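The values are calculated or read from the model by the stated rules, or taken from the named source; none is laboratory data. On a predicted model such as this, the values are computed, not experimentally measured, just so you know. Note that each Cβ is placed from the backbone with ideal geometry, even for glycine, and that neighbours are counted across all protein chains shown. The area values use the complete protein model at the heavy-atom level, side chains included, leaving out ligands, DNA and RNA. Shrake-Rupley method; radii C 1.70, N 1.55, O 1.52, S 1.80 Å.
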Amino acid sequence: MRAESSAIDRTGIAVSTGIEPPVSAPPRNPAPADRRSGTLQAALGVTAFSLTFPATAWGLEGFGPWSLVTVRCVLAAVLAGGCLLALRVPRPARRHLAGLAVVAAGVVLGFPLLTTLALRTSTTAHAAVVVGLLPLTTALFSALRTGARPSRTFWVAACAGAAAVIAFTVQQSGGALTGADAYLFGALLICAAGYTEGGRLARVMPGWQVIGWALVLCLPLSVPGALLALSYEPVRLTAHGVTGLLWVAVGSQFLGLVVWYRGMASIGIPKASQLQLAQPLLTLVWSVLLLGERLTPAAPLTAAAVLVCIALTQRARG
């Protein structure tokens, strides 16, 4: 799920609701046609992100977890690098490289790897509910990074969302956390750090360039990693496996971001963020339709509870 995008608070730091932080503000009075187009593009971005976990599950039918993650990074980096070259985007300043490295470690490598390892034994529905906590986790990292003091309402809603997810996880795991749960909670932490640093960088460069340069910076690791993983892990070129790989690389990590940012620029952060709140529930729908998973009543109820908490934190942050 893949992951996902973000909203920027008044300090300019991203509060994640999906993949990467937007940067551009919409026109003050966009034309109706622009609003419709922007809403459609933002909705397409949310749909692309919601398919990340089911596509990862498909990809694991044909590739090992390490092969899937590294090849995904290479393909996405080739696309991003091609766009950066075609548009003659200047290289980022040296002072931004450390921040881009954090984004690369959290968003490009860490989150996809940990969630892929988790999905070997976890259902996509279970993972979608747990990772639905990512916006709140990112908000906490943002508060720590900026030294901001969110309101009491914010902290109550954040703690309530965390409690709901933890209770769901323990209940679904039979009273104890599993290895897959450990991977998912680790993914939350490392991705939240990447989103927070990406939000800081997004104040000085467009969001798609942040993720684009992060992907390109990973090439010295992802290329040899892909070659090594493919030599050790068996590969079965099934229709599901190839489709899943292509989607997480092209759809989730690249094209989804493009339409998401364009939509953000047209309709603005608040309206786009409301669309993003539907992402975990959409993933639950895809898990049933594409993977034939059976949802327990707790899954959609917990996802809805987390979405309410996210909405409250956004409102509390103004």
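Mind checking the full-extension length gain between residue 308 and residue 294? Use 0.36 nm per residue of separation minus the Cα-Cα distance, one decimal, nm.
2.7 nm
Using 0.36 nm per residue, how much length does the chain from residue 152 to residue 242 gain when fully extended, once their Cα-Cα distance is taken away?
27.7 nm
So, in nm, how far is label residue 36 from label residue 285 when the simple model puts each one 7 Å beyond its Cα toward the Cβ?
With each label placed 7 Å out from Cα toward Cβ, I get 2.1 nm.
Summarise the accessible area of region 43-148 (1.4 Å probe, protein heavy atoms) by the percent that is carbon and sulfur.
Within region 43-148, the accessible surface is 67 percent carbon and sulfur.
Show me the trypsin sites (Lys or Arg not before Pro) within region 69-119 that DSSP assigns to loop and that have at most 10 other Cβ atoms within 10 Å of their Cβ.
Here the trypsin sites (Lys or Arg not before Pro) that fit, given the DSSP loop and packing criteria, are 88.
Accessible area per residue, 1.4 Å probe, Å², for region 171-233: what's the number?
44
Along Cα→Cβ, 7 Å out, is where each label goes; now give me the distance between the ones at residue 121 and residue 182 in nm to one decimal.
Simple spin-label model gives 0.9 nm for this pair.
Accessible area per residue for region 35-168 in Å², computed with a 1.4 Å probe and the full protein assembly in place, what is it?
Averaged over the residues of region 35-168, the accessible area is 41 Å².
Calculate, in nm to one decimal, what residue 204 and residue 98 gain on full extension: separation in residues at 0.36 nm each, minus their alpha carbon distance.
My answer for the length gained is 36.7 nm.
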